[in-house]
Structure formats: C-alpha cells, structure tokens
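K.L.:
Before we start, here is the structure in question, set down as structure tokens.
The values are calculated or read from the model by the stated rules, or taken from the named source; none is laboratory data. These numbers were taken from a predicted model, which means no experiment stands behind them. Note: accessible area is taken over every heavy atom of the protein model, side chains too, but ligands, DNA and RNA are not part of it. Shrake-Rupley method; radii C 1.70, N 1.55, O 1.52, S 1.80 Å.
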Amino acid sequence: MNSILDTVTKNEEEFVRTTIDSRNAEYLSEVKNAKKLLTKSEKRIAELDRFFTRLYEDNVSDKISDARFEVMSKNYENEQEQLRIKVAELTKFIEDKEQKCSDIHDFIELVKKIKHIDELTPKSLREMIERIIVHEPDKSSGHRTQEIEIIFRFNVVKSRLVLDGRDFDRRKKAA
C-alpha cells in the first residue's frame, strides 16, 4: 500500500494523466456514442409527441378512423415508452462514466491526506481499500498458490498478489 501511496504522491501529475488517459481511451468512445444516442432518442420522443398531436387532430377531423387512430396511437406510445426507458439508461450510463473520472481526483486527495501508513489498522483499511478478493488456493502445480486482489477506493487502482506456499515453507524452515 505504501508503494502505491508513494507513487501517487511523488508522481501525481503522471498518475492523473496515465489514469485519465487509460480511462478516456476506454470510455471516451462509449460516452460519445451514448451521448449521440441519447440526443437522437430525445429528438425522437419530441417527434413522436408532434406525430401524436397530428394524429389526434386527424381523428377529430375524421381524416382517419377511430380504429386506425387507436392502433397508431398505441404504436407511438409504445415506441415513446421504450425510448424513455432507453434515455434513462443512457443518462445513468453517462453519469457513471463521468463519475469515474472525478473519482481519480478524490483518490488523490485521499492519498494526500494519508501520505504514509506505518501500521495497518481497520480505519486505514476502510479509508484506502474498497474490497479485498481472496481467490481459491491453486494446487495444480504441486504446491499451493493463492491469488489476492486489492481494489482501492474509487476503483482507481488495483493490486494483484500471488502468494506461493513454497515461500512460506522456506521461512518456517529458516526460523
């Protein structure tokens, strides 16, 4: 953990640039496409409102039958409802992706606050780490290895460790 804290503290600008660049490379096209689709969907919703108004006026003036009005209006309403659901999903998607960029800055502020950890305490773990994933031990190679993933807060940095049982056996024999 201290190596990550030191890296972020010493190379803050590079860390921000690298992290944002990697995230932007991942998310920029997705967000751009989502925004285009969102705009297109919102325009279509407004267009369907205009169509429905015209359709209603045509029905009132007896240009189309009541049965035809009913079929067409249901189709417009169904399409509009699907578009509204899609707009809500796209809006949430865009907000989530934009939130991840601000998480980088929040993580850096946290690192500046903590600076260095001398002792791992429950409080320091809660402040820095989102979750720790301990995978099943693997004995397929004849000795025990176990993978551990540490996901830091804001999901900005991940650390992956592979513990080898032979290292622990050597320590026991040396002691």
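K.L.:
Starting from the amide H of residue 144, placed 1.01 Å from N in the peptide plane, find each other amide H under 5 Å away whose residue is 5 or more places distant or on another chain.
P.N.:
Placed amide hydrogens put 165, 166 under 5 Å from residue 144.
K.L.:
Can you pull the accessible area of residue 52 for me, 1.4 Å probe, Å² to the nearest 10?
P.N.:
70
K.L.:
Give me the accessible area of residue 39, 1.4 Å probe, in Å² rounded to the nearest 10.
P.N.:
70
K.L.:
At 1.4 Å probe radius, can you tell me the per residue accessible area of the stretch 27-84 in Å²?
P.N.:
About 75 Å² of surface per residue is accessible.
K.L.:
Further, regarding this structure: Can you sort 143, 105 by solvent-accessible area, 1.4 Å probe, largest first?
P.N.:
Ranked list, largest accessible area first: 105, 143.
K.L.:
Express the carbon and sulfur contribution to the solvent-accessible surface of the stretch 35-90 as a percent, rounded to the nearest whole number, probe 1.4 angstrom.
P.N.:
51
K.L.:
Through the Karplus equation 6.51 cos²θ - 1.76 cosθ + 1.60, θ set to phi - 60°, convert the phi angles of the stretch 61-77 into ³J(HN,Hα) values in whole Hz; use x for Gly and Pro.
P.N.:
Ordered by residue, 3J(HN,Hα) equals 8, 6, 7, 10, 6, 5, 5, 5, 4, 4, 5, 5, 5, 5, 4, 4, 5 Hz.
K.L.:
First check a/c for the stretch 86-137, with a ≥ b ≥ c the square roots of the eigenvalues of its C-alpha gyration tensor; if it is under 1.5, answer rounded, and if not, answer prolate when a/b is larger than b/c or oblate otherwise.
P.N.:
Oblate.
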